[in-house]
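These notes concern the structure reproduced below.
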């Protein structure tokens, strides 16, 4: 694993730990946002390890991750599904208004568990094949 990928993975773990602490005081919206950012930074770790580049936007990270995971195994495409779902909760937390817009404790708990699995899978991918299909520099 490259030092830069390791830094992004450490950031992902930090976000997850902080989101868990926030969840401990019952702030579901903030915990859900932190869970998204944990997965987002884990995505960046995988992207930088495999491509040497980082996308500059949330949409860019999702698109680059989709490109990277376009082949087998299909189970890794679950990472994309989770990242997109978590982003929806981030959007609700950041921009949602009105009485019908809420993030429940259950929603946040599910996102925290999903982010934990996301980080574990990215870690396993990086440990198994740190550079993936990335060509070696000349």
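We did not get these values from a lab; they are worked out from the coordinates using the rules stated. What you see is a predicted model, and the numbers here were worked out from it, not measured in a lab. Ideal geometry is used to build each Cβ from the backbone, glycine not excepted, and the neighbour counts take in all protein chains shown.
Take each peptide in 45-54, 83-92, count the other Cβ atoms within 10 Å of every residue, and average; sorted highest first, the result is 45-54, 83-92. For the chain, averaging the sequence separation of C-alpha pairs within contact (under 8 Å, six or more residues apart) and dividing by the residue count gives a relative contact order of 36 percent.
Ordering of 65-71, 115-121, 55-61 by packing is 115-121, 65-71, 55-61, highest average first (other Cβ atoms within 10 Å, averaged per residue). For the pair residue 57 and residue 17 in one chain, pulling the backbone fully straight at 0.36 nm per residue adds 12.1 nm over the alpha carbon distance. Compared with the dominant principal axis of the Cα atoms in the chain, helix 105-128 is inclined by about 10°.
Angle of helix 58-68 to the longest C-alpha principal axis of the chain, folded into 0 to 90 degrees and rounded to 10: 40°.
Summarising the label geometry, the points placed 7 Å from Cα in the beta-carbon direction at residue 94 and residue 67 lie 2.1 nm from one another.
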